[in-house]
Amino acid sequence: MADFETCMRNPAGSFHEPEEVMNRTDFSKEQKLKILKQWRYDEYETEVADQENMGADKPDKLGEINNLILQLEE
């Protein structure tokens, strides 16, 4: 299982699905939020690259990530 710093550097490489971040009992709420926000940023960057036809097609996880961020911010 990856540590917090590894997850921050590459959330998509550390987790198969955003929901897996929420299931980590060894991370605080704040750490989970940071990881999800980093993942969201990475997804936005990938989306921009895709729009410029520079990236490969992959499933869009932005909606799921945004919903989980909202849950943590409540």
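Here, each number is a calculation from the coordinates, and none is a lab measurement. The model shown is predicted, which means the values in this text are computed figures rather than measured ones. Cβ coordinates were reconstructed from backbone atoms using ideal geometry, including for glycine residues, and neighbour counts include every protein chain displayed.
Structure values in brief
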{"quantity": "Candidates LEU62, LEU33 - the one that is free of Cβ contacts under 8 Å to residues at least 40 places away in the same chain and not acidic (Asp, Glu)", "calculated": "LEU62"}
{"quantity": "Cβ-Cβ under 8 Å pairs, at least 6 apart or on other chains, region 1-23 side free of Cβ contacts under 8 Å to residues at least 40 places away in the same chain and more than 19 Å from GLU45 (Cβ to Cβ), far side part of a loop (DSSP other than H, G, I, E, B) and of a type in the set (A, V, I, L, M, F, W, C)", "calculated": "PHE4/PHE27"}
{"quantity": "Single residue of ASP42, ASP50, ASP3 found to be over 14 Å from the mean Cα position of the chain (by Cα), surrounded by 14 or more Cβ atoms within 10 Å (Cβ to Cβ) and of a type outside the set (Lys, Arg)", "calculated": "ASP50"}
